[in-house]
Amino acid sequence: MKVSATTLAGVKLIEPKVFGDDRGFFMESWNARAFAAAGIDATFVQDNHSRSRRDVLRGLHYQIEHAQGKLVRCVAGEVYDAVVDLRRSSPTFGRSIGLALSAQNQRMLWVPPGFAHGFLAVSEYADFLYKTTDYWYPEHERTLLWNDAALAIAWPLEGSPILAPKDAAGVPLAAAAVYD
């Protein structure tokens with residue numbers, strides 16, 4: 001497995017070893033020992049699976065209390081994945097990154113607690129899996145405005161995204177609750 005730092009402190013790109021032949025492939029998507037050796041020492045309590053059709057944008061979500069670390073990947077189709085640093089004490093506070101995660105590239109992203117996360121389905125449909133380090137608490141969930149100019153996220157959209165009401169009502173970074 002290859003683990004690379006990103007431009008956001010703590011966020012890591014994971015490229016697993018994939019063993020493939022004419023039958024298909026095999027890969028480890030989680031191995032606590034290997035991930036801990038790579039600096040990702042997490043205990044997961046919940047696995048989530050979503051399916052989205054093209055142009056569905058989910059996010060940018062975070063929990064202001066019970067902050068979640070997330071190990072994310074796309075197992076069918078492709079998404080444009082985006083992360084925003086919401087840790088006021090971080091040197092990368094307010095900055096974002098975006099990258100493609102797909103069934104084809106089989107990359108994963110580690111998003112530690114303290115970040116907002118979202119993704120856009122860019123294929124006909126996309127199945128997205130993610131493990132979380134804490135449970136979902138709807139009363140603590142917050143949504144950062146997906147198209148806040150201050151975030152400079154280059155969503156690969158030709159028109160408007162398909163949004164849930166809570167995502168359409170997200171708040172800009174300047175008004176968002178953030179972490180210390």
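Bear in mind that the values in this text are calculations on the coordinates, not laboratory data. None of the values given here were measured: they were computed from a predicted structure. Positions of Cβ are generated from backbone atoms using ideal geometry, with glycine treated the same way; all protein chains shown enter the neighbour counts.
Things worth noting here:
- Hydrodynamic analysis of the range 74-180 uses the Kirkwood radius over alpha carbon pairs. Inserted into Stokes-Einstein at 37 °C and 0.692 mPa s, it gives a translational diffusion coefficient of 222 µm²/s.
- Of the residues Ala164, Ala150, Ala37, the one that moves most in a GNM of the chain with alpha-carbon contacts below 10 Å is Ala37.
- Of all aspartates and glutamates in the structure, the ones whose alpha carbon falls short of 12 Å from that of Lys131, not counting any fewer than 8 places away in one chain, are Asp47.
- For Phe115, distant residues with modelled amide H under 5 Å away: Leu86
- Summed over all non-identical Cα pairs, the Kirkwood treatment of the chain gives a radius of 16.6 Å.
- Euclidean distance of C-alpha centroids, the range 64-103 and the range 117-180, integer Å: 9
- Note on the chain: GNM, Cα springs under 10 Å; of Val111, Val79, Val56, the largest mean-square fluctuation is that of Val56.
- Sorting 96-104, 152-160 by average packing, meaning the other beta carbons within 10 Å per residue, from highest down gives 96-104, 152-160.
- Within the listed set Asp47, Asp127, Asp21, the residue fluctuating most in the Gaussian network model of the chain (springs between alpha-carbon atoms under 10 angstrom) is Asp21.
- Cα-based shape type of the range 35-80, given that a ≥ b ≥ c are square roots of the gyration tensor eigenvalues and the cut on a/c is 1.5: oblate
- Förster-model FRET efficiency, 25 Å R0, Trp155 and Arg95, C-beta, rounded to 0.05: 0.95
- Rg ratio for the range 1-108: its Cα radius of gyration over 2.2 N^0.38 Å, N being its residue count, equals 1.15.
- Taking 7 Å steps out from each Cα toward its Cβ at Ile162 and Arg88 produces label points 3.8 nm apart.
- Distance in nm between pseudo-label sites at Tyr135 and Asp55 (7 Å out along the Cβ direction from Cα): 3.8
- Net length available on complete extension from Ser4 to Arg33 is 8.7 nm, with 0.36 nm assigned per residue and the Cα-Cα distance removed.
- Ranked by how many other beta carbons lie within 10 Å on average, peptides 116-122, 49-55 from highest: 116-122, 49-55
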